[in-house]
Amino acid sequence: MAGDHHQKRFAVLQCAEDPEYVKKKYGGYFGVFVRMLGEEGEAWHVYRVTCGELPDDKEIGVYDGFVITGSCSDAHGNDAWICNLLCFLRRLDSMRKKILGICFGHQILCRALGGKTGRATSGWDIGVTAVHVSSSKLFSSMKIPARLSIFECHRDEVTELPPKAKVLAWSEKTGIEMFECGSHIMGIQGHPEYTKDILLLLIDRLHHRNLIMEKYAEELKASAGAWEPDREAWRRLCIGFLKGTAGLS
């Protein structure tokens with residue numbers, strides 16, 4: 001189809017295994033992302049990066065944008081699939097493809113472009129975090145408030161930005177909550193796609209794997225009633241970036 005009728009195509013680069021609950025209720029993390037970002041008339045595809053799936057050279061060209069998900073793995077790790085993903089992301093960058101990275105995706109993008117990631121000195125950040133958004137033309141045109149709440153679930157962070165990258169948001173806990181590189185790359189440390197039930201499920205999983213203490217898990221669950229992230233603003237922001245023609249700054 002020619003002209004304006006080009007069907008937009010997006011690829012989700014999935015870097016986590018689906019918990020059974022998320023599979024049943026949402027069709028996996030892929031389903032969670034499509035619920036947030038997908039709109040009528042678009043085609044969305046998933047590549048299970050941990051299983052060695054990545055778009056080949058012919059496939060790259062058909063996509064208008066790529067979304068990298070969270071992961072249980074460390075972005076500073078050197079598993080084969082992580083090394084393959086780093087090479088792939090550098091290739092997408094050289095082609096100036098739109099890429100949105102979430103949590104692990106934000107960190108791995110940073111690393112692919114020459115930045116640094118590692119364990120956060122302040123430990124885990126789980127729950128709802130208020131982030132301070134820098135002023136930019138895109139954000140003001142989308143009426144994005146200067147302070148946004150988002151679900152977080154991470155113990156790693158971006159410690160050093162890639163050359164030419166800019167911080168777009170920070171929080172009291174994390175210096176780089178969002179960054180942009182050129183007008184085609186954006187990373188978000190938090191999880192705009194999460195629902196409260198997914199975060200509660202992950203808290204249980206972290207506790208069962210002895211990654212967080214029981215007391216911390218109980219405190220988090222007790223405060224969950226008050227958790228209200230600004231999901232609609234994040235959705236607008238992510239869609240505006242991924243599908244808009246304008247850059248961020």
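Per the conditions (1) in contact (Cβ under 8 Å) with a residue 60 or more places away in the chain; (2) closer than 24 Å to ASN84 by Cα; (3) β-branched (Val, Ile, Thr), the sole criterion not satisfied by VAL32 is (2). Listed here are the strands (runs of 3 or more DSSP E) enclosed by segment 1-119 that have at least 1 residues being touching a helix residue (DSSP H, G or I) at 6+ places or on another chain (Cβ under 6 Å) and open to solvent by 30 Å² or more (accessible area, probe 1.4 Å): 43-48.
Checked against (1) in contact (Cβ under 8 Å) with a residue 24 or more places away in the chain; (2) of a type outside the set (S, T, N, Q); (3) part of a helix (DSSP H, G or I); (4) open to solvent by 10 Å² or more (accessible area, probe 1.4 Å), ILE126 passes all but a single condition, namely (3). For PHE139, state whether it is within 25 Å of THR195 (Cβ to Cβ) and at pLDDT below 95. Against the criterion (within 25 Å of THR195 (Cβ to Cβ) and at pLDDT below 95), PHE139 qualifies.
Pairing residues of segment 203-221 that are under 18 Å from VAL128 (Cα atoms) with residues that are of a type in the set (Phe, Trp, Tyr) and open to solvent by less than 90 Å² (accessible area, probe 1.4 Å), at Cβ distances under 7 Å and at least 6 apart in sequence or on separate chains, gives ILE212/TRP124. Residues that are within 24 Å of LYS196 (Cβ to Cβ) and touching a residue at least 40 places away in the same chain (Cβ under 8 Å) within segment 156-171 comprise ASP156, GLU157, SER171, listed in sequence order.
The values are calculated or read from the model by the stated rules, or taken from the named source; none is laboratory data. Everything quoted here is computed from the prediction, not taken from an experiment. Every residue, glycine as well, gets a Cβ built from its backbone with ideal geometry; the counts of neighbours run over all protein chains shown. For accessibility, only protein heavy atoms count, side chains too; no ligands or nucleic acids. Shrake-Rupley method; radii C 1.70, N 1.55, O 1.52, S 1.80 Å.
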